[in-house]
Amino acid sequence: MNMEPHIRSAFDKDLEGVQALVMKMGGLVEDALLQAAKALETRDDDLAERIRAGDRVIDEMEELVHTECARIIALRAPTASDLRTVLTVMRIVGSLERSGDYAKNLAKRSLVLAQMQPISGSAGSITRMARSVVGLLKDSLDAFVARDAVLAEDVRRRDAEVDQMYNALFREFLTHMMEDPRNITACMHLHFIAKNIERVGDHATGIAEQVIYLVKGRMPEEERPKNDVTSLLPRGTE
């Protein structure tokens with residue numbers, strides 16, 4: 001008796017369940033980043049604290065996905081192509097978990113900044129950058145579910161736009177610090193926040209590259225476009 005159709009159906013069902021968890025986790029990360037930016041802009045300490053506490057749920061979801069992936073590998077003995085899918089899922093949730101950490105760090109620094117004199121226009125610029133990065137993250141996850149390499153390539157291309165936003169903020173913060181040394185501490189916190197958001201963009205691009213690998217069986221041959229000029233600075237000056 002040929003059990004292959006039954007095995008295939010069981011694997012597909014398991015994979016659908018795991019993908020649903022990935023998308024739910026992605027939604028939590030996207031919301032955490034946007035809400036952390038809102039907490040910074042509105043100087044809402046209660047919201048920032050909720051973001052910090054909520055990171056535990058994101059961590060738990062990563063563990064759940066890893067457990068499910070290990071179960072699938074053990075029970076379904078996936079073929080090479082199916083195994084590639086499972087490993088891709090594990091890499092994606094690793095990127096999502098790290099992105100959740102960056103959102104938590106943003107919330108932590110917003111608590112500190114709420115006690116300082118605000119830097120004019122900075123919170124709004126941070127929020128716009130966060131929205132752009134959330135767009136990249138959402139599209140990279142949509143590309144994963146749809147196995148859409150074209151959308152994934154578009155995410156890679158748009159990451160350069162996030163780098164440009166980060167560079168503009170970096171120069172803005174330097175200007176504020178030079179104009180008034182009393183702005184230095186606040187601007188340093190804001191710089192690290194902007195850097196964390198830029199890193200989430202990198203993780204979104206990494207997810208997109210995993211999608212391309214999943215669809216085409218190889219990683220992109222060309223280096224992703226990068227416009228982060230601060231990467232040229234000596235270590236410790238970021």
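When the stretch 107-117 is examined, which residues are found to be open to solvent by less than 80 Å² (accessible area, probe 1.4 Å) and either more than 26 Å from Val29 (Cα to Cα) or of a type in the set (A, V, I, L, M, F, W, C) (or both)? Once the filter is applied, which keeps residues that are open to solvent by less than 80 Å² (accessible area, probe 1.4 Å) and either more than 26 Å from Val29 (Cα to Cα) or of a type in the set (A, V, I, L, M, F, W, C) (or both), the stretch 107-117 yields Ala107, Leu111, Val112, Leu113, Ala114, Met116. Just to verify a result, which residue in the stretch 2-16, among those that are open to solvent by less than 70 Å² (accessible area, probe 1.4 Å), more than 13 Å from Thr79 (Cα to Cα) and hydrophobic (A, V, I, L, M, F, W, C), is modelled with the lowest pLDDT? Across the stretch 2-16, the extreme among qualifying residues is Ala10. The set of residues in the stretch 46-70 being touching a residue at least 12 places away in the same chain (Cβ under 8 Å) and farther than 18 Å from Leu96 by Cβ consists of Leu47, Ala48, Glu49, Arg50.
All of Arg156, Arg147, Arg131, Arg182 fail the test of being within 18 Å of Met25 (Cα to Cα) and among the charged types (D, E, K, R), apart from Arg131. Selection of the stretch 176-195 for residues being open to solvent by 60 Å² or more (accessible area, probe 1.4 Å) and either over 28 Å from the mean Cα position of the chain (by Cα) or over 22 Å from Leu111 (Cα atoms) (or both) yields Met178, Glu179, Pro181, Arg182. Taking (1) assigned to a helix (DSSP H, G or I); (2) touching a helix residue (DSSP H, G or I) at 6+ places or on another chain (Cβ under 9 Å) in turn, Ser120 satisfies each apart from (1). Close Cβ contacts (under 6 Å, 6 or more residues apart or on different chains) running from residues in the stretch 148-170 that are more than 20 Å from Glu222 (Cα to Cα) to residues that are in a helix (DSSP H, G or I) and of a type in the set (Val, Ile, Thr) comprise Asn167/Val229; Phe170/Thr230. What about Leu106, is it more than 28 Å from Ser132 (Cα to Cα) and in a helix (DSSP H, G or I)? Against the criterion (more than 28 Å from Ser132 (Cα to Cα) and in a helix (DSSP H, G or I)), Leu106 does not qualify.
Within the stretch 126-142, one or more residues are open to solvent by 10 Å² or more (accessible area, probe 1.4 Å), closer than 30 Å to Glu179 by Cα, under 14 Å from the mean Cα position of the chain (by Cα) and among the polar types (S, T, N, Q). When the stretch 25-66 is filtered for residues that are surrounded by fewer than 14 Cβ atoms within 10 Å (Cβ to Cβ) and basic (Lys, Arg), only Arg56 remains.
The values are calculated or read from the model by the stated rules, or taken from the named source; none is laboratory data. Everything numeric in this text was worked out from a predicted model, so none of it was measured. Cβ atoms come from the backbone with ideal geometry, glycine included; neighbour counts cover every protein chain shown. Surface accessibility is based on the protein's heavy atoms, side chains included, excluding ligands, DNA and RNA. Shrake-Rupley method; radii C 1.70, N 1.55, O 1.52, S 1.80 Å.
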